[in-house]
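Notes for the one structure printed next.
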Amino acid sequence: MFGDTAGQVLELLRGLPGFTLQLGVLQRAGPLQGQVESLGLPPEPFPLGPSYAHPETLRQMFRAANWLRGRRTEGVHAHDLYTTLLVAPVARALGLGLVVGRLDLAHFHTGAQRALLSALTRAADAVVVNADAICRMLVEEESVRPDRVHVVHNGLDLLRFDARVRSGLQAPLPDSRGQPVVVHVANLVHPVKRQEDLLAAMARLSAREMILHAWLVGDDPRRHKVEVRRDALGLRGQVHFLGHRLDVPAMLAHASVGVLCSSAEGLSNAVMEGMAAGLPRVVTRVGGNPDLVLHGDRGLVVEPHRPAELAEALAELIAEPGRARQMGERARTFVAGHLSVEQLCRRHAEIYRAVAASRPTTSASDAWPPAFIRAAMPFRISRTSPGPS
């Protein structure tokens with residue numbers, strides 16, 4: 001997908017002002033490897049051991065500590081669960097500034113993972129979240145200090161996005177026979193994405209002789225299960241599984257409505273991309289969705305697990321194309337004004353500088369606990385570089 005967490009990190013690597021950056025990763029190979037290396041930032045790999053307490057994991061942590069010390073690093077930004085499990089203890093032991101990213105509602109974590117991540121989050125100098133709902137969760141459920149939590153919405157480069165739209169489709173799209181098309185961009189890995197609710201909503205509309213087509217875009221380990229449900233509802237000719245696509249921005253230009261009916265979300269890049277494409281959205285009232293879609297203005301917001309409500313919202317937008325088009329235009333304007341890459345980089349720069357300034361130089365400890373690494377972005381401030389504009 002165009003804009004997951006890795007994509008947001010890439011935008012930071014491109015746009016952060018006044019910093020010397022290094023990048024640590026689990027594995028060097030990946031879809032963004034070429035773009036990262038073109039920035040002159042070859043990633044340093046720290047491959048995981050098979051378990052949290054495995055000797056290889058401990059060795060990688062020692063490697064990470066030596067790597068950080070050798071680069072005169074002043075701070076580390078850990079971007080997800082596995083990053084934090086390794087880098088947070090190392091950063092504390094070395095006396096470095098620590099920024100922890102919490103970009104979801106922890107709905108994929110086990111109880112033990114959640115407990116450890118919560119403890120390490122409380123130990124951070126700053127916590128970056130991308131949605132108000134995540135901020136509330138950390139403060140109310142995990143007892144993180146409110147003054148350490150910073151809401152920084154994701155950023156989207158509209159110029160690059162529009163260029164991808166103009167580049168066109170990379171593969172044919174299903175024939176919708178002139179009927180409205182609903183596009184749902186989300187993985188088919190986790191049940192929280194609730195593609196089944198979209199199918200149920202479409203079946204309700206079909207019973208009213210309102211025929212929609214749906215394009216389900218995303219990796220598909222659960223595809224067979226959802227296909228069975230589709231067929232049971234008599235929607236075989238209307239619901240199309242497109243798998244993983246790299247031309248999503250161009251696809252969106254061919255759809256009528258975008259939908260995301262998850263039961264849990266962070267700040268969805270799929271919703272942002274749909275808004276950037278001027279597509280009216282129907283989303284559930286979970287996570288960061290209400291941060292993006294103002295009900296009745298930039299789209300419609302419904303409660304999760306309610307296919308009947310979802311069906312009514314879809315019917316409303318399909319029946320009023322002029323109003324739907326205006327919602328899409330306002331959504332595009334919101335992305336341009338509030339979800340730029342510039343604001344993403346500026347806010348991170350402010351946080352990094354504040355963290356670095358608040359921590360005195362200390363001697364690094366020679367002992368630290370074992371942990372994991374997934375993807376860390378250490379940073380060192382260039383004292384001769386200008387500050388953020």
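The values are calculated or read from the model by the stated rules, or taken from the named source; none is laboratory data. Being a predicted model, the structure only gives us computed values, none of them experimental. We place every Cβ from the backbone using ideal geometry, glycine too, and count neighbours over all the protein chains shown.
Structure notes:
- Flag if Val183 is in the same structural domain as Val248 (by TED's automatic domain parsing) and of a type in the set (A, V, I, L, M): yes
- Test: Pro17 is part of a loop (DSSP other than H, G, I, E, B), without any contact (Cβ under 8 Å) to a residue 40 or more places away in the chain and assigned by TED's automatic domain parsing to the domain that holds Ala354: no
- Residue check, Arg245 farther than 21 Å from Val293 by Cβ, part of a loop (DSSP other than H, G, I, E, B), within 20 Å of the chain's Cα centre (by Cα) and among the basic types (Lys, Arg): yes
- Any hit, region 305-316, residues being at pLDDT 95 or above and closer than 26 Å to Val129 by Cβ: yes
- Checklist (1) under 19 Å from Gly287 (Cβ atoms); (2) of a type in the set (Val, Ile, Thr); (3) assigned to a loop (DSSP other than H, G, I, E, B) applied to Ile211, failing item: (1)
- Failed condition for Asp175, given (1) in the same structural domain as Leu103 (by TED's automatic domain parsing); (2) assigned to a loop (DSSP other than H, G, I, E, B); (3) not hydrophobic (A, V, I, L, M, F, W, C): (1)
- Some residue of region 157-168 being among the polar types (S, T, N, Q), assigned to a loop (DSSP other than H, G, I, E, B) and either farther than 18 Å from His244 by Cα or over 18 Å from the mean Cα position of the chain (by Cα) (or both): yes
- Odd one out for Val271 among (1) free of Cβ contacts under 8 Å to residues at least 24 places away in the same chain; (2) surrounded by fewer than 21 Cβ atoms within 10 Å (Cβ to Cβ): (2)
- Here Gly40 does not qualify as in a helix (DSSP H, G or I) and under 23 Å from Glu11 (Cα atoms).
- Residue count for region 330-379, restricted to those that are within 19 Å of Leu23 (Cα to Cα), at pLDDT below 55 and either among the charged types (D, E, K, R) or not in a loop (DSSP other than H, G, I, E, B) (or both): 3
- Taking residues in region 236-263 that are within 29 Å of Ala106 (Cβ to Cβ), and partners anywhere that are modelled with pLDDT of 95 or more and among the hydroxyl-bearing types (Ser, Thr, Tyr), the pairs with Cβ atoms closer than 9 Å and at least 6 places apart or on different chains are Leu260/Thr284; Cys261/Thr284; Ser262/Thr284; Ser263/Thr284.
- The set of residues from region 103-148 being without any contact (Cβ under 8 Å) to a residue 60 or more places away in the chain and within 15 Å of Val76 (Cβ to Cβ) comprises Leu120, Thr121, Ala123, Ala124, Val127.
- Criterion applied to Arg14, Arg72 was being closer than 26 Å to Ala354 by Cβ and loosely packed, with under 14 Cβ neighbours inside 10 Å, and the one residue passing it is Arg72.
- Conditions (1) modelled with pLDDT of 95 or more; (2) part of a helix (DSSP H, G or I); (3) surrounded by 15 or more Cβ atoms within 10 Å (Cβ to Cβ): number failed by Asp231: (3)
- From the options Arg166, Arg122, Arg148, residue that is charged (D, E, K, R) and over 26 Å from Arg92 (Cβ atoms): Arg166
- Apart from one condition, Ala53 fits all of (1) in contact (Cβ under 8 Å) with a residue 60 or more places away in the chain; (2) in a helix (DSSP H, G or I); (3) of a type outside the set (Phe, Trp, Tyr); (4) out of contact with any strand residue (DSSP E or B) (no Cβ under 6 Å at 6 or more places or on another chain); the exception is (2).
- Single match in Leu169, Leu173 (criterion: over 19 Å from Gly287 (Cα atoms) and touching a strand residue (DSSP E or B) at 6+ places or on another chain (Cβ under 8 Å)): Leu173
- Among the residues making up region 149-193, a single one is surrounded by 21 or more Cβ atoms within 10 Å (Cβ to Cβ) and of a type in the set (S, T, N, Q): Asn154.
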